[in-house]
Amino acid sequence: MNLEGDFLLFADDVKLFGEVASYQQLVRLQEDLMKIEEWCVLNGMDLNTTKCLVITFSKSRQTHQFNYILRNVTLRRVTEVKDLGILLTANLDFGAHISNVCRKALKTLELVNRICRQGLSASSLKTLYVALVRPIMEYSVVVWSPHQIGHCSSLDAVQRRFIRMIGIKLGYRYIEVDIQAMERCLNLPTLSSRITLIDLMFLYKILNNTIDCSEILQMIDFHVPRSARHFQLFTIDHLSTNYLYHSAIPRLMRIGNAVSANLDFFGMPLSSFKRRAATILHELD
């Protein structure tokens, strides 16, 4: 099967995608769908068209519309789709995903709160929070990392609620709990610090080939300094839109530049890099 366009495979799923700026590109995607249908017929594989969806990602209000057909069925067009646990919307805004993450995290936190009534210690509750709640807010955060104040506040509210829950257990009134002091007492980093650490770890793994993805590595531009005093590791081109500025690769390079004077991305093993990065972020927090 020789597909003309780009595609991604994961288990038994296939995603066809491509830039659409002309009618010919729309037709090319339809032709690839027909090739997949023919291949499935030849190999005795059945396709469930009810699970096949079409979505157009664009920041523009006007997009090319086309009815894609598979097995004589017009595929359903949607404005949002979940891909490997991340909710993607047609306008490329992760607000819906962040709201979904917060709902799931708060629901799990409520479960932890009910367990709290059984007399668990603060350290035990922290273990439950770190094991059950925080992973929900950190899953694939490199992709959807928040930058808008409202989104950041919604995520921070989950940890603030947990901190106040611990404070009540220790005898404080809900509104009197000192969030920052309690975080220091529990040795619990802020969520923004955790997200930055995850970004740094991802950047380290890309640069050191722990994550083997040449496509991402090619997007990272290294800076060749003229002076030994220059600590900027990456070169970031001017970005014309706020969306591009806050996108993943430019954000990773900005964070890398911010710590490159004190953090060696190439001269230490992963465990040492993580400890050093966590120490730097703790000092900056």
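Between Gln180 and Ala90, the simple label model (points 7 Å from Cα in the Cβ direction) yields a spacing of 4.5 nm.
Estimated purely from DSSP H runs of n ≥ 4, each contributing -39500 (n - 2.57), the mean residue ellipticity at 222 nm for the chain is -15500 deg cm²/dmol once divided by its residues. Let me make sure I get this right: for the chain, a, b and c are the square roots of the gyration tensor eigenvalues over alpha carbons, sorted descending. Under 1.5 in a/c it's rounded, otherwise prolate if a/b > b/c, else oblate. Which is it? Because a/c hits 1.5 or more and a/b fails to exceed b/c, the chain counts as oblate.
Amide H contacts of Leu70: Leu75, each under 5 Å away and 5 or more positions distant or on a separate chain (H built 1.01 Å from N in the peptide plane; Pro and chain starts excluded).
Based on the alpha-carbon gyration tensor of region 75-229 and its eigenvalue square roots a ≥ b ≥ c, which shape applies: rounded if a/c is under 1.5, prolate if not and a/b is larger than b/c, or oblate? Here region 75-229 falls in the oblate category. In the assembled protein chains, Phe202 presents an accessible area of approximately 50 Å² (probe radius 1.4 Å). Projecting the Cα atoms of Gly95, Ile166, His64 onto the dipole axis of the chain, where Lys and Arg carry +1 and Asp and Glu carry -1 at the beta carbon, places Ile166 farthest toward the positive end. Classify region 71-161 from the C-alpha gyration tensor, please: rounded if a/c falls under 1.5, else prolate or oblate depending on whether a/b exceeds b/c. Since a/c reaches 1.5 and a/b is larger than b/c, the shape of region 71-161 is classed as prolate.
For Ser22 and Tyr172, a Förster radius of 51 Å and the Cβ-Cβ distance give a FRET efficiency of 0.20, rounded to the nearest 0.05. The distance from the alpha carbon centre of region 201-221 to that of region 1-78 is 29 Å, rounded to a whole number. Taking θ as phi - 60° and the Karplus parameters 6.51, -1.76 and 1.60, the scalar couplings of region 261-273 work out to 5, 10, 9, 8, 7, 10, x, 9, x, 4, 4, 5, 4 Hz in sequence order, x denoting glycine and proline. Hey, in the GNM for the chain with a 10 angstrom Cα cutoff, which one of Leu207, Leu53, Leu84 fluctuates hardest? Among Leu207, Leu53, Leu84, the largest GNM mean-square fluctuation belongs to Leu84. Rolling a 1.4 Å probe across the protein heavy atoms gives the chain an accessible surface of 63 Å² per residue.
Estimate the FRET efficiency between Val142 and Thr279 by the formula 1/(1 + (r/R0)^6), using the beta-carbon distance for r and 25 Å for R0, to the nearest 0.05. About 0.75, to the nearest 0.05. Please check: in the Gaussian network model of the chain (C-alpha springs, under 10 Å), which one of Ala248, Ala122, Ala11 has the largest mean-square fluctuation. Comparing Ala248, Ala122, Ala11 in the GNM, the peak value goes to Ala11. When the chain is treated as a Gaussian network with alpha carbon springs shorter than 10 Å, the biggest mean-square fluctuation among Ala21, Ala96, Ala105 belongs to Ala21.
Once the Cα-Cα distance is subtracted from the 0.36 nm per residue extended length, the Thr79 to Lys107 segment shows a gain of 7.5 nm.
Counting only heavy atoms of the protein chains and using a 1.4 Å probe, Ser22 has close to 40 Å² of accessible surface. Using θ = phi - 60° in the Karplus curve 6.51 cos²θ - 1.76 cosθ + 1.60, the 3J(HN,Hα) couplings for region 206-211 round to 5, 5, 9, 6, 5, 9 Hz; x is entered for Gly and Pro. Multiplying the residue separation of Ser247 and Phe66 by 0.36 nm and removing their Cα-Cα distance gives an extension gain of 62.3 nm. Charge dipole (Cα centre; +1 on Lys/Arg Cβ, -1 on Asp/Glu Cβ; no other charges) of region 126-285 amounts to roughly 500 debye.
Here the simple spin-label model places points 7 Å from the Cα toward Cβ, and for Thr127 and Gln232 these points are separated by 4.8 nm.
The values are calculated or read from the model by the stated rules, or taken from the named source; none is laboratory data. Keep in mind that this is a model prediction, so the values were computed, not measured. Note that we place each Cβ from the backbone using ideal geometry, even for glycine, and neighbour counts take in every protein chain shown. Please note that ligands, DNA and RNA were not included when accessible areas were found on the heavy atoms of the full protein model with its side chains. Shrake-Rupley method; radii C 1.70, N 1.55, O 1.52, S 1.80 Å.
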